[in-house]
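The values are calculated or read from the model by the stated rules, or taken from the named source; none is laboratory data. None of these values were measured; they are calculated from a predicted model. Cβ placement follows ideal geometry from the backbone for every residue including glycine, while neighbour counts extend to all protein chains displayed. Accessible surface is based on the protein model in full, side chains and every heavy atom, while ligands, DNA and RNA are left aside. Shrake-Rupley method; radii C 1.70, N 1.55, O 1.52, S 1.80 Å.
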Amino acid sequence: LQRVIVPKHSNQIRLSACAAVDCCAVLSCFACRWILCVCVCVSLIVPQPPTITHQSPKDYIVDPRENIVIHCEAKGKPHPSFSWTRNGMHLDIDKDPKVLMKPHSGTLVMDIGGGERAEAYEGVYQCSAHNELGTAVSNSIIIRQSRSPLWSKERISPIIAQKGQSLILHCRPPAGLPPPIIFWMDNNFQRLPQSRRVSQALNGDLYFSNVQPEDSRSDYICYARFPHTQTIQQKQPISVRVLDMDSLNDTLADYFNDTDLFSDKPTEERAPVFMVPSESVSSKMVLRGEVLEMECVADGLPTPAVSWVKHNGEIPSGRASFLNFNKTLRITDVSEVDAGEYRCIAKNRHGSAQHTIRVTVNAAPYWISAPRNLVLAPKEMGIITCRAAGHPKPSIRWLVNGLPIEDAPEDPSRSVEGDTLIFSEVQTGSSAVYQCNASNQYGYLLSNAFVNVLAEPPRVLTLPNIVYQVIMNKPALLECVTFGSPVPTITWFKDSRSSMLEGNAYVFHENGTLEIHMSHPSNSGKYTCVARNSLGLSENHVYLEVKEPTRILRPPEYRVVQRNRDVVFECKAKHDPSLVPTMTWLKDDRELPDDERFRVDSDSLTITDVTESDAGRYTCIMNTTLDQDSASAQLTVVGECLCATPSQPGVPTDLELTDQEARSIQLTWIPGDEHNSPIKKFLIQYEDALHQSGVWHNLTEVPGTKTTAHLKLSPYVHYSFRVLALNEVGFSRPSMPSRQYRTSPAAPDENPTEVKGHGTEHNNLVITWKPLTPLQANGPGLQYKVMWRQQDMEKDWTSVSVANVSKFVVSGTPTFVPYEVSVQAVNDYGPGPKPSAVIGYSGEDFPSAAPGDVRVLVLNSTLAEVRWSPVSPESVRGRLQGYKVQISSRHFSLPGSGYIPSAPSFFKVSTFDLDSLMLEWGPPYERNGRLTGYTFKYQTGEETCPFTLGTLTALPANKRDSSFTLHNLPHSTRYKFYISARTQRGAGPTLTEEAVTVLDRAMVSPQVDIATQGWFIGLMSAIALLILILLIICFIKRNKGGKYPVKEKEDAHGDPEIQPMKEDDITFGEYSDEDHKPLKGSRTPSSGTVKRDGSDDSLVDYGDSGDTEFNEDGSFIGQYSGRSDRDARHDSSKPLSPVNAMNSFV
């Protein structure tokens, strides 16, 4: 990344979206940088001949309802004037008030709004742009009015066809400009359905391979839409009636006493016959770059299937498409390779038919090398080439300022040789605009190119005193845009002009840009570019600032926090002091939630009152205007725990260095508090203040029972050490750094790795290697000695020393010969070990011969054997990768095996029964190949605190399943499941879920049917006997007492307690099992619901009724089951956990 800072005092700056704006004769726009794009325009008074910048298309169809606008724009110094011709004659614009020319432009506007007819302005127009240096001309622009003629009146008789016959419904639309788009619809403006049997041809006709009774209708309507005028016209409806002769014979035979009025021969099935094209062989011509469309429509019963092949070639898969139910072959962007014979084959079970289409490809002229503008100094020479291709070959015609070159004034400095103009010792005042016209019978090309004769001293157009900022070890690009005639040469200097920059560390581009491969602080400073030509020199100064990279010194660490507690993530970073930093935090790669509980400080993120939804991965990003660095940590939220909660270990202290030697040292420390979780290991890190200050690297690990480590060191490093402790929760904070220990420089201990030799051209050898890191350099002045020799041909090695690069190109090598290649590291203290040589080959070339004696043996209808004679090794001129076998236009290759899939789309675990868990999952959204299954594992653990999990156990699963149920699980056991999808390339990302079995069956009291108990039967018998006795007593008393007022009232009104209730009065609640409905007329509770017996409770109430899906390899991940409706009524605001579900059950 690079930043460009433009001085505020500069008055020659223009900001834009990196668009080339022609603000003067010469314009330079720097490439887009990270912050801005600087376009520089120095106000040079440089004359320039005209150049056409915008014009209307050659074939211009205009809408007769709108004004006609013919574009012609040009630039030049001085600004050009414009004139027009129509049909080869000068167009006097002043004579027609309806024709206007835009100011400072050659664009014509023809106003036809006042009743003028657009066809009055049809013709061939050409624009000319003039100034004192020459004349540029536009293409010949043909203006034609769009036409949408009406359909001719015709009477169409109904069509009667026998079932199974072929049929053609002709459309014959009126000829429009441009041609109309055809489609068939019914009276309701619905498109008629098309199929392999019924389809529309390219000419718009509707073809029936065989008609069926369902084709009978009276509203076959052909529509024509004219695109320019957006008008739609319709043909008269066509009526089609299809007769089923077999059914008709049967009906009439019954009516006329078994008399057969029609043929007793049923509709016969038949082999295919082509309806279009009608002949056996046809031809078609298409122009290069256009679209080729071929069609074959066949008659037959049953409906034939159409296929396509190319004789002695392949149908291009990338540009070809099969349309209209395979009846049309469409090839876009046609080229010469598409010429040849194409065959369409129609087949059904009764036979086949073939048609051959011979395609020829011609070409309108197209550019191979279009003419380009030429700026020459006096006495210089130059050429303008105009190379075009086409079929037939186009003819080249030159013009000067719009006139044929043979009619132009003589110029002794100019000569014509076919498609090339040669200029020698040009003189001031011989500037002109030349036109090249390349034409054949299919079209033409016209291009303008000027020759501008100038004598200008060099000028540097890049703004002075620009400051380029770049991060250390990144490339830097310093611009030096110049202008001059003759073209200036560019040289670069640093700090002073005493020595010119050169060497492998720099790249000098043709446009004057200086590139530094790897920027170091020593590259900072003032740079001067000097532009020279025969008329003088010019120079400019720019500045390069190499900045320190941004690094996160203390990244956020893994946190486990209880719900409703606070958590703090620290993120301390180091950056270049001259750059302005910005700290950004993300959660799961997205912006932080808009919640006041999240507080971002300069070097930390605080989350208060943590909830389960806060769990995830948190990333801190430190940005500057040049670079950035990031680090992430996971947050896990757990419920409340009665036991002591483990946390990260304390920080190690008292680091001490002893037993100091040249390549080793001993480090001791005092560990911090374990915080309820034993320390598993210690991680020792180091910082190299000499090469990468502020960056800590992992050096080694030691078991948690040790507090001493013997460290192996490298030469030429300024070491500082620190220690981190790790327990089950995570790493501790780093200890304070130890004192610095500096090792002495030495020769390199190793050479570059991954040394390779290969060719990128047929005559070169590219030697590449993996550079040594600063830690591997062992000393200052690191270079690489690159050595090579041709194997078995050269005895002596050729070598070269390079620095700050990782490749070297050897030119002028023979084609594909073996070389011995080696690379040795060298620094100021000596060379590294003797390198081992690897074998590399120079560049390959195309094979010079093809296999011969090709034979094909057809073994059966689906198997053929191809044999050939191999080519000689000398003719391969490279590594023989194989032979391309083409059989029946089909190219066979081995299918790829794809990539690993994404994670399953979802995974959940729900309680299925008291001792069962149901798992459900969905396939991955991105399969990246054919799924071979799923990886499905689990761990178990006791419901204790802290929670501990056992070893991983794999579970079998059918790859076609999407759910799985585990039965007979132990109670009060926590399960953690893992699932990932798998292809042939391997397993994808893993998802995890946890679940717990809630209750043991032994804890559920067995339900007893009291109706079968003896004591209950005895009790009920006693109660019945008591009621009988009471009724007898009441009956006796009633007979003695006779009637009394209260009894009369009771007799009159009845006992409201025993009145039957209406069905509408009975209200049922959520539970509506038929076995528990109250009897009609019985009392219901005041709440209007029937309370369910407690003995009917089961763990099913607390489970999730949704389906659970598996991934194909059987691995699975889940969360606790969802809440039941009853739990939702108990507490709608608090999420239900397995423990809460158990408590509710008990």
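Brief remarks follow.
- Förster radius 51 Å - calculated FRET efficiency between Lys102 and Tyr925 (Cβ-Cβ, nearest 0.05): 0.40
- For segment 410-465: rounded, prolate or oblate by the Cα gyration tensor [a/c cutoff 1.5]: oblate
- Estimated FRET transfer efficiency (Tyr883, Asn698; beta-carbon r; R0 41 Å; 0.05): 0.25
- Accessible area per residue was computed with a 1.4 Å probe on protein heavy atoms; Ser1021 scores about 70 Å².
- Using Cβ point charges alone (K and R +1, D and E -1), the dipole size of segment 751-852 about the Cα centre works out to roughly 300 debye.
- Coil-residue trypsin sites (Lys or Arg not before Pro) of segment 115-161, DSSP, other Cβ within 10 Å capped at 11: Arg117, Lys153, Arg155
- Charge dipole (segment 404-519, unit charges on Cβ, about Cα centre) - positive-most of Val487, Thr462, Gln435: Thr462
- Site pair Ser352 and Asp63 shows an inter-label distance of 5.1 nm when each label is modelled 7 Å from Cα along Cα→Cβ.
- Pairs beyond 28 Å (Cα-Cα), from Lys587/Lys908; Lys474/Lys572; Lys547/Lys681; Lys770/Lys834; Lys284/Lys393: Lys547/Lys681
- Residues in segment 438-471 that a label on Thr360 would reach, taking backbone N under 20 Å of a point 7 Å out along Cα→Cβ: 439-444
- Rel. contact order, % - alpha carbon contacts under 8 angstrom, at least six apart, segment 699-846: 26
- Order of exposure, largest accessible area first, which applies to Ser732, Ser81 with probe 1.4 Å: Ser81, Ser732
- Mean-position separation - Cα centroids, segment 319-349 and segment 819-844, in angstrom: 55
- For segment 789-864, accessible area per residue (1.4 Å probe, heavy atoms of protein chains only), Å²: 64
- Modelled spin labels at Ser282 and Ser602, positioned 7 Å past Cα toward Cβ, are 8.1 nm from each other.
- As a rough guide to protection, the peptides 683-691, 609-617, 122-130 ranked by mean Cβ packing within 10 Å, highest first, stand as 122-130, 683-691, 609-617.
- Highest average first, the peptides 164-175, 489-500 ordered by how many other beta carbon atoms sit within 10 Å of their residues are 164-175, 489-500.
- Candidates Asn131, Ser195, Met110 compared by Cα position along the dipole of segment 94-204: farthest toward the positive end lies Ser195, with charges placed on Cβ.
- Packing, taken as the mean count of other beta carbons within 10 Å per residue, orders the peptides 352-358, 800-806 from highest to lowest as 352-358, 800-806.
- For Val568, the solvent-accessible surface with a 1.4 Å probe is about 60 Å², rounded to the nearest 10.
- The distance between label points at Glu269 and Ser972 comes to 7.4 nm (points 7 Å beyond Cα on the Cα→Cβ vector).
- Under 16 Å from the Glu515 label point (7 Å along Cα→beta-carbon), backbone N, segment 539-556: none
- Annotation for segment 487-588: GluC sites (Glu not before Pro) lying in DSSP loop with at most 11 further Cβ atoms inside 10 Å of their Cβ are Glu502, Glu510.
- FRET E, pair Ala954, Val291, Förster distance 41 Å, beta-carbon r, rounded to 0.05: 0.10
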